[in-house]
1. Which pairs turn up if I take residues in the range 39-63 that are within 23 Å of Val13 (Cβ to Cβ) and open to solvent by 50 Å² or more (accessible area, probe 1.4 Å) and look for partners that are at pLDDT below 85 and among the hydroxyl-bearing types (Ser, Thr, Tyr) with beta carbon separation below 8 Å, at least 6 apart in sequence or on another chain?
2. Inside the range 1-32, can you point out the residues that are open to solvent by 80 Å² or more (accessible area, probe 1.4 Å) and either assigned to a loop (DSSP other than H, G, I, E, B) or modelled with pLDDT under 90 (or both)?
3. Taking the conditions exactly as written (open to solvent by 30 Å² or more (accessible area, probe 1.4 Å), at pLDDT below 90 and not hydrophobic (A, V, I, L, M, F, W, C)), does Thr96 satisfy them or not?
4. Return yes or no: is Gly43 assigned to a loop (DSSP other than H, G, I, E, B) and at pLDDT below 85?
Amino acid sequence: TVQKSRDPRIVIVGSITGNTNTVGGGAVWPWADLGKLNGLAEGGKGVPMMDGGNFNGAKAYKDSKLANMMTVLEAHRRYHDSTGITFSSLYPGQTTCIPE
């Protein structure tokens, strides 16, 4: 199992476009924004976006990367202390990949 590894870690691939603090994510519309997750609260019934808005392919991609980053942060918060597993997200398109 992962826990039995010498340096246990789980990495989720992210993208610079999901981070509004970057040129790719903040300077290029549409911005990643999950709102209050109204689309998920609706159970996906006729609501294609996580924020409850109308479908936009570029925003859907950015939102998915933001959701990945949020998943990593929450998994690390919940499980790192009890398992020793490091949860990270990285941007593979950069020349240097810096885990978050």
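1. Here the result reads Tyr61/Ser15; Tyr61/Thr17, each pair linking the range 39-63 to a residue that is at pLDDT below 85 and among the hydroxyl-bearing types (Ser, Thr, Tyr).
2. Here is the first cut: in the range 1-32, the ones open to solvent by 80 Å² or more (accessible area, probe 1.4 Å) are 1, 3-4, 6-7, 9, 21, 23, 29, 31.
Result: Thr1, Gln3, Lys4, Arg6, Asp7, Asn21, Val23, Trp29, Trp31.
3. yes
4. Details: assigned to a loop (DSSP other than H, G, I, E, B): yes; at pLDDT below 85: yes.
So Gly43 fits the description; yes.
The values are calculated or read from the model by the stated rules, or taken from the named source; none is laboratory data. All figures in this text were calculated on a predicted structure; none of them were measured in a lab. Positions of Cβ are backbone-derived with ideal geometry, glycine not excepted, and every protein chain shown enters the neighbour counts. Please note that ligands, DNA and RNA were not included when accessible areas were found on the heavy atoms of the full protein model with its side chains. Shrake-Rupley method; radii C 1.70, N 1.55, O 1.52, S 1.80 Å.
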